[in-house]
Amino acid sequence: MKTHVRVLVIGGGVVGVSTLYHLTKKGWKDVALIERTELTAGSTWHAAGLLPLFNMSYTVGQLHKYSVDLYKRLKSETGQDTSFHVTGNLRLATSRERMDEYQKYCATANTIGVPFEVIPPKRVKELWPLLELGGSPETAAIIGALYHPDDGHIAPADLTMALRKGARTGGAEIYEHTEAQAFTRTAGGEWQVRTSQGDITAEHLVLATGNYARQTGRMLGLNVPAIPVEHQYIVYDESAELKAYRAGGGRELAVLREPDQSYYLREERLGWILGPYEKGAPARFADGVPDWFGRSLFPGDLDRLVPHIEGATRRVPALEHCGIKDIVNGPISYTPDGSPLIGPAAGVHNVWLNEGHSFGITAAGGSGWQLAEWITEGEPGIDMLAVDPRRYGAYAGKRYTVKKNEETYRNVFTVHFPDEERADGRPAKTSPVYDKIDARGAVWGQRYGWERANWFAPKGVERKDAWSFRRSNYFAHVGNEVRLMREAVGVIDLTPFTKHEVTGPGAEAWLDNLVANKVPGKVGRMALSHALTRKGGIRSEFTITKIADEHFYVVSAGAAECYDGDYLTRALPKDRSVSLRNITNARGCFVLAGPKSRAVLAQLTDTALDNDAFPWLTAKTIEAALAVDVYALRVNFVGSLGWELHFPIEYAHNLFDALFEAGAGHGIGMVGMRAMESLRMEKSYRMWGSDMTPDYTPFEASLDRFVRLKKGSFIGKEALERQLTAGVPNRFVTLEVHEVTDADPLGNEPLFDEGGRMIGRATSGYYGHHLKKSLAIGYVQAQFAPVGTELSILILGQMKRATVLRESPYDPENLELKA
Ligand SMILES: Cc1cc2nc3c(=O)[nH]c(=O)nc-3n(C[C@H](O)[C@H](O)[C@H](O)COP(=O)(O)OP(=O)(O)OC[C@H]3O[C@@H](n4cnc5c(N)ncnc54)[C@H](O)[C@@H]3O)c2cc1C
């Protein structure tokens, strides 16, 4: 065994071996993998081998697509057969909501180039003759289906062996029966790994330990929110009907999914494999995998399976005549949102996670591809935020993760509405004035563990969402909140914002090197600033305010607390000239905005609020009601006159009550996140994570005014300069979508030119309640960006006309903001 390698991968399941393979493809040959027993001994050996391309996430969809493409060529590359059966994959629909879900998915599939067809019942029957279309009281009628001709199923162990062969050919070494038992950081900054076979030192560690993710993480002081859940499938004996069908020349049937009955079904040696996602499947191993488990399985739980067997048998009567040969019940790793954890582990140097895979056979190729790029080049090639481990923070503790993972598992096949807010593990983090906001009719949602009011139900209106892909029960109420903000004054509780304090003699120069904009030099000035990747993409957005000399207040998205905190911490200079403090929980934030906001705030403070004394884009430390040391920032995300009041958290109640008392005569009211979405869309304000991602540079995002190429060096500058020379390929646009009656754009819709060629994608969309326009924002090839260009956008299967508008269709001159 080698004693030193550049990268040591821990875990010999399909995910670890794929990472190893891809590292060698990147030319890193001095890499090794250790496996505590034998390759595939974790969850990989018993997986059903399905490779569904279907995934609602733009990022995960790209990873899955890469995998399927790779697996098709692995045999010719390595000589190892992987038993990839390209049978296609058929997802049935028995409701309009399900068809809407497929159509929403298809929009994303278009943007990432995944082939699919939406097909009518007649074609379903042609593809799957052994299936009942239904239409009786027992069996719901199929109204259509989504068909992927390109995917199918594979033999997981053979796939792993093919990747192993490829990795070895590329120079990698694999040591089985070698367990990682402890990690220590060497004086030189490398990792010394104590294994059951001796020590290995490595520059980088990749953790790909599947069900062991939590205990591996613990050895490094990490809280990895990956806890497995029981998952079972049934293996049936040979089916006479299937044999007859195949004997008659029928081709292997597509993998079948009936989400409304929560199961998948595929052929297996002239019999069947039936896999349900049941209610009540328990999380396992929250405290670690016990020694006795090894390569074992759990006993089958037939009671949980019965409703799905019955549902599947009604759809495919041939099942009725087949005996059950086996029940496979194994641990399947899960995370609270169901997506894997791929990327750097927060707070530790050169430790990378490739954990939490619930569709690991499908995702192994793509996750290895991107992680290898990240390790070898310092950055991934695509926007990986949706799978970045740092999308979770400390809030994702053991109990939260158990609850959420069980909930995610049982919802694998439920309709994934864009406005869905699941109930488990809530409320977790709340603003101090949660009860007061609740008393005003809040209908709550959750992000990054925080409760946030999505909208407010007036008296007599049920406080409940009717989730939908279309305008729903809250549409009119959200509209009223938008008008309240535009015409009078509203309050939004944005306490979850991520807040950092940066102080010290080196603070300004340090921040200046991190972002593309010029950091404010004068006390009371602020700058919207973007931290870029080395490739010039947007990684973070910070509002940087100079509070005092050598003292900056840095605000970013609430969901970016760990992601941004980790980035800032890693970037800190070693000379102690800068100190960084995460004060997210020490300060709350109320947005007070609308034409009457000045009149309201004036009653609470002696600070002059007129334009001369307190202009737009400036900040002051003020007293407001009894609250002292309030950072009042004259900016907001809704585009009206207003302030963000960032106050010491202990004043939350006092300030909240005072605002409502002072605002009573002005009609003050609460405004929720959905109204904020509408308001920001009317101003073309880009949202970090959807409209601003590493996939696009600030030039593409038309944020040129926040880039100071002349100011000196900053991360990403060279890439921006290169892009300027070569030409900016895409441009940000705001679109009015025409003839929308009930389904507004929501993001991830493809955009087409007049000839029907795809030329871009929407990244967000919403109904602009004040403008009374359906709006989308996104990116198009630069030649389609001029105002007035006519395009088309595909929304839920319907092509709609769209026109490029001038940026910020509401108040383009910012007169209201400057009022
Ligand atoms: C019943 C069932 C059916 C499934 N069907 C499908 C399917 O059809 N399609 C699909 O995409 N996915 C499916 N899955 C999920 C799939 O099995 C997993 O996502 C995938 O196997 C995860 O691979 P992995 O490499 O991350 O983990 P694993 O395969 O569990 O590998 C992790 C490895 O790490 C090793 N290890 C742990 N700790 C250490 C240590 N300290 N030192 C050294 N080695 C260590 C373990 O021994 C293990 O071999 C299914 C899962 C189940 C339970």
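Just so you know, all these numbers are worked out from the coordinates, no wet-lab data involved. Note that the structure is a prediction, hence the values are computed from the model and not measured. Backbone-built Cβ (ideal geometry, glycine too); neighbour counts: all protein chains shown.
Tabulated data for the structure shown
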read-out	value
Evaluated at q = 0.22 Å⁻¹: base-10 log I(q)/I(0), Debye formula over Cα of segment 125-210	-1.19
Relative contact order for the chain, counting Cα pairs under 8 Å that sit 6 or more residues apart, in percent	12 percent
Between 0 and 90°, nearest 10: helix 302-315 axis offset from the chain longest Cα axis	80 degrees
Cα-only Debye scattering, segment 188-282: base-10 log of I(q)/I(0) at q = 0.11, 0.18, 0.20 Å⁻¹	-0.61, -0.89, -1.00
Fewest-first ranking of ASP704, ASP564, ASP291, ASP388, using other Cβ atoms within 10 Å as the exposure measure	ASP291, ASP704, ASP388, ASP564
Alpha-carbon centroids, segment 148-170 and segment 604-649: separation in whole Å	58 Å
Between helix 475-487 and the chain: long-axis angle, C-alpha atoms, 0 to 90°, nearest 10	30 degrees
Selection of trypsin sites (Lys or Arg not before Pro), segment 730-773, meeting DSSP coil and at most 12 other Cβ within 10 Å	ARG757, LYS772
Percentage relative contact order, segment 180-255, counting C-alpha pairs under 8 Å, at least six apart	16 percent
DSSP-assigned coil residues among GluC sites (Glu not before Pro) in segment 411-505, each with at most 12 further Cβ atoms within 10 Å	GLU462
Computed lengthening from ASN814 to ASP438, 0.36 nm per intervening residue step minus Cα-Cα distance	132.1 nm
Percent breakdown of C-alpha pair distances by 10 Å bin, ordered from the shortest bin, for segment 93-140	22, 43, 29, 6
Under-5 Å amide H pairs with GLN446, H placed in peptide plane, nonlocal only	ARG452
Positive-end residue of VAL114, ALA507, ASN350, charge dipole of the chain with Cβ unit charges	ALA507
When segment 329-466 is reduced to its Cα atoms, the Kirkwood hydrodynamic radius in Å	17.1 Å
Tensor-based shape of segment 1-143 (alpha-carbon gyration tensor, a/c under 1.5 rounded, otherwise prolate or oblate)	prolate
The chain: angle of helix 58-78 to the longest principal axis, Cα-based, in degrees nearest 10	30 degrees
Cut-off 20 Å (backbone N to label point 7 Å along Cα→Cβ of ASP575), residues of segment 696-732	712-715
Per-residue Cβ neighbour rank within 10 angstrom, fewest leading, THR498, THR503	THR503, THR498
Count of lysine pairs in segment 373-515 with Cα separation under 17 Å (8 or more residues apart, or interchain)	5
Segment 697-740: proportion of alpha-carbon pairs further apart than 18 angstrom, %	35 percent
Lys, Arg +1 and Asp, Glu -1 on Cβ, resulting dipole of the chain about Cα centre, debye, nearest 20	920 debye
Segment 616-729: Rg to Rh, with Rh as the Kirkwood radius over Cα pairs	1.10
Residues TRP374, TRP352, TRP467, sorted so that the one with the fewest Cβ neighbours within 10 Å comes first	TRP467, TRP374, TRP352
Net length gained if the chain between ASP549 and LYS279 were fully extended (0.36 nm per residue, minus Cα distance)	91.5 nm
Listed residue pairs exceeding 19 Å between alpha carbons, taken from LYS26/LYS165; LYS29/LYS72; LYS683/LYS772	LYS29/LYS72
Dimensionless Rg/Rh of segment 723-819 - Kirkwood Rh, Rg from C-alpha atoms	1.00
Taking segment 6-94 and dividing mean pair separation by its residue count, relative contact order in percent (alpha carbons under 8 Å, at least six apart)	21 percent
Sparse-neighbour loop sites [GluC sites (Glu not before Pro); segment 102-159; at most 11 other C-beta within 10 Å; DSSP]	GLU138
Cα-derived Rg over Rh, computed across the chain with Rh taken as Kirkwood radius	0.97
MRE, 222 nm, helices only [DSSP H, n ≥ 4, -39500 (n - 2.57), over the chain, to nearest 500]	-8000 deg cm²/dmol
Reach of LYS122 by Cα under 13 Å, taken over aspartates and glutamates that are not fewer than 8 positions away in the same chain	GLU132
Debye, to nearest 20: dipole size of segment 312-446, +1 on Lys, Arg Cβ, -1 on Asp, Glu Cβ	560 debye
Per-pair calculated FRET efficiency, R0 = 60 Å: LYS711 and PHE660 via Cβ, rounded to 0.05	0.90
Gyration tensor (Cα) of segment 598-642, equivalent ellipsoid semi-axes in angstrom	17, 11, 11
Under-5 Å amide H pairs with GLY778, H placed in peptide plane, nonlocal only	VAL733, THR763
R0 of 41 Å, Cβ-Cβ distance GLN181-LEU528: FRET efficiency to nearest 0.05	0.30
Span per principal axis, largest first, for the Cα atoms of segment 410-535 (Å)	55, 42, 28
Segment 230-337: radius of gyration and largest Cα-Cα distance (Dmax), Å	15.5, 52
Convex hull projection area averaged over all views, segment 662-785, Cα basis, nm²	11.0 nm²
